[in-house]
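**Student:** Please read through the structure below; I'll follow up with questions.
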Amino acid sequence: MAIRQGSLDCLCGVYAVLNATEIVIGKFMVAPKRNKRKNQKRILFNELIGYLAKKNKLEAALTKGISKIDTRGGLLDIAIKSVKNHQQLKMKKQRVFDNDSETLDQYWEKLTSHLMLDKTAVIIVISGRLEHWTCVKAITTEVLVLADSAGVQLIHRQKCTIGQEEKGMYTLWPSMTYLLSI
């Protein structure tokens, strides 16, 4: 069997930002003529990788993953700036939980109220069954619906816990949850 792209790298944080950005702004427009062959998605990917390289975090991101997606000028700020420069849209981020003491009901309620609005997405980190950054594009009372780089489509609420890992469960971390909107 052939090796799949992304099966050896740990860039799920970069892909979570790319997927969330595209959900929030709609399809990326093609860049101006000077970058004829590049679409905005490729330009943003290059900017995110360039940021990691400049901060000497690229090797760690590729091999160990990204522990914090948005620490001062991080990946989300790069995406916000890129969207403003290339799409002429003002994308916003919000981190609503300061710690991981929320209940699953409180967490689900906050994501539900955010995702009910147009042009929104949520970036979350999960651990337990899977160590991963991903993008939530929709939510129901029973599932998180993902736009995910690893191909995960749904996470069932009954398989989720908050802030404490349990065998066979997805652990959600409220303090590392980012709401995105226009």
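**Student:** Identify the residue in the stretch 114-158 that is of a type in the set (V, I, T) and assigned to a loop (DSSP other than H, G, I, E, B) and, among all such residues, is surrounded by the most Cβ atoms within 10 Å (Cβ to Cβ).
**Tutor:** V152
**Student:** Does K90 satisfy being over 15 Å from the mean Cα position of the chain (by Cα) and either without any contact (Cβ under 8 Å) to a residue 60 or more places away in the chain or part of a helix (DSSP H, G or I) (or both)?
**Tutor:** no
**Student:** Let me ask something additional. Name the pairs: first residue in the stretch 131-145 and touching a residue at least 12 places away in the same chain (Cβ under 8 Å), second residue in a loop (DSSP other than H, G, I, E, B) and among the charged types (D, E, K, R), Cβ to Cβ under 6 Å, at least 6 apart or on different chains?
**Tutor:** T134/D148
**Student:** Right, next: Give me the residue from the stretch 93-113 that is assigned to a helix (DSSP H, G or I) and acidic (D, E) and, out of that set, surrounded by the fewest Cβ atoms within 10 Å (Cβ to Cβ).
**Tutor:** Out of the qualifying residues, it is D105.
**Student:** Now for a separate question. Within the set of pairs 6 or more residues apart or between chains, which connect a residue that is at negative phi inside the stretch 160-182 to a residue that is aromatic (F, W, Y) and not in a helix (DSSP H, G or I) with Cβ atoms less than 7 Å apart?
**Tutor:** Once the first residue is at negative phi and sits in the stretch 160-182, its partners that are aromatic (F, W, Y) and not in a helix (DSSP H, G or I) give C160/Y170; P174/F97; S175/F97; T177/F97.
**Student:** Can you tell me which residue in the stretch 68-79 is surrounded by the most Cβ atoms within 10 Å (Cβ to Cβ), limited to those that are over 11 Å from E47 (Cβ atoms) and among the hydrophobic types (A, V, I, L, M, F, W, C)?
**Tutor:** By that ranking, first place goes to L76.
No lab work stands behind these numbers, since they all come straight from the coordinates. The shown structure was predicted, so the numbers you read here are calculated from the model rather than taken from an experiment. Note that each Cβ is placed from the backbone with ideal geometry, even for glycine, and that neighbours are counted across all protein chains shown.
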